[in-house]
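Shown next, in structure tokens, is the structure this report addresses.
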Amino acid sequence: MAAFFLVLLILLISLASIYSEVRPAQASQPSSRRLQANIGGELPTPEATLPDTSATQPPSETATPTTDPSTSPTDGNTSTPSDTTYPTSTDYPDTSASPTDTQAMNPPVSQETPTPVPTQNNAAKTPAATSTPTPAPTKSPTPTPTATPTVTPTETGTPTPIPTVTPVPLTGTPVLTRLEQVTDQAFGQNDTYVPNSWGVQKSRFVRTSTGDLFTVTIDAGQNLQNRQWHLLHRTTSATWEDLQHGNAGTEPINILRGPHDELHLFTWPGTNGTLVHLISTDLGKTFKSENVAGSWLKDQGYSGSSIDAKGNIVIFQTAADKPGSFLWSFYCVTTHQWTFHQSDIDYRYTYAFFFPGQHNDMTIVGMRDVKRTELNFPSASGNFNYVFNAIKYFYIKDVSHPVLQEIKVAEVQPQNNNDIDVTYLTDSYVDSYNRVHILYNNLYDGPHHVVIAGGKIIKDVKQDITDGQKVRITQDTKGHFYLITMSEDGKTLNIYPGSDTDTDGTQLAPVVKLDISSLPGCSDDDFCHSPTFTVPRSGNPLSDTIDGVYGNFTKEIYFQINLHGNADTKNP
């Protein structure tokens, strides 16, 4: 019996020893949970700093330097940290939604929530039609270059899905329904600059909801710095009346149509750095004026303007040369305030197209325009030493805190010292799926059509069309695409509808040639401007009938095209 109790005692002592060795291992588990909590919620998020572009930048971009994002403050010292940060998951414009309603010109007031004036810092909302909040404009009218860094988007983020588009079958055959001379007094003779036809980026023509047609021209005026602008209106008797005129400055002026048929003109009288905005609410009979503040150039600024369906407006200049700058002012329709910005870039990009977006964002497309020596090219043998050989796409996620992202669309090395228009930008367009279209002519292999969606180039298609330096793009009310250009002799307007299987204007049906030989154009780019017509960036919703103008030295010529070919149905 004693032996039994001895064995039992030894067994109990052994069990106690094993228990004391196992217990500390159980106590260590909470430290593992604390580590998991750090990974899940306490580590800094990507939004806190700028992306490291040196690790993700495509090799093709390294040859073209951009503003160094590292010069921008990223710590708590800056009062506007969102100027230098942006989540990679929302960098790019939304292209996944259904097509925008191109016919809705006047959004109901009930859909909009007023935002605070710029002096208030509390958050503000955009109209209820969108879900993206709109910060109030910044107090500082001119951000410093370090507040507007330029970075190159990469595929390391989460780009917006590319939309699925259903082809729209072709409807009818386009026909020319009107051809008239507007004036023969435009400035354009003796090879003297800047002529009326200069500037592919200019907004020249609008049509109101009442069917009234307006265009703007310049004449010689007093001298180079004091050309005279004219606002011309088509009357019910099919003549063109000169409604208003004034000092244009050096360049042709811009005209936009507001969502309630307002007319907006932008002029630079005396070419002295003063931007004048003229507004009419009675179809051009009377105008009010205001100066738009900003650090504007006092010489030729390659200006342009655009408007969206809500009435937000951008007016801009481009500054030379290395580094370059976009100088631009944004009018917010909810605050009724202009805010000026300077966005610095590596080189000057001119003949630019600006597009206010649906979510307080902005798209820009421009053509590099610098002296050959700034690119380390030999000088030209003639007097003109500039070269156009690169095109870029720029995107600003929030116009209130502008940070430029960019994509190099094209760059072609000149093959001799006298080639100028190596990559010539002819048009840019944002379609009903929010994709960006860029048309340019490559001097060595012809016209190209680039499509950008989700912050990436998804197509670069060579197009078999005539006169690639005058081509434009538009859609009809069904979303069908059309490329519109001119024959090289100026005797026909050439319409290239998209084919029945086309979804983006890159697959073309046979050309439709419209005879304009009674009032021809010509092949010169600066003295005979390309067809310029009613498009959304000038304030016109998409239509099955387009109205527009083209130039021929001192003549400005009006045309109307019914895209569906019903010659009996015309706009008044």
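Values in this text are rule-based calculations from the coordinates and carry no lab data. A quick note: this is a predicted structure, and the numbers were derived from the prediction, not measured. FYI the Cβ positions are ideal-geometry reconstructions off the backbone, even for glycines, and counts take in every protein chain you see.
Across region 175-562, the relative contact order, built from alpha-carbon pairs under 8 Å that are at least six residues apart, equals 16 percent. Subtracting the Cα-Cα distance of T373 and Q415 from their residue separation scaled by 0.36 nm leaves 13.6 nm.
Which lysines does K462 reach when only Cα atoms under 22 Å apart count, and residues fewer than 8 places away in its own chain are ignored? Within reach: K392, K408, K470, K513. FRET efficiency for the pair K478 and E241, taken as 1/(1 + (r/R0)^6) with r the Cβ-Cβ distance and R0 = 30 Å, rounds to 0.30. Classify region 175-562 as rounded, prolate or oblate from the Cα gyration tensor: take a ≥ b ≥ c as the square roots of its eigenvalues, call it rounded if a/c is under 1.5, otherwise prolate when a/b beats b/c and oblate if not. Rounded, since a/c falls under 1.5. Could you name the lysines in cross-link range of K555, using Cα to Cα under 16 Å and dropping any fewer than eight places away on the same chain? Partners found: K491.
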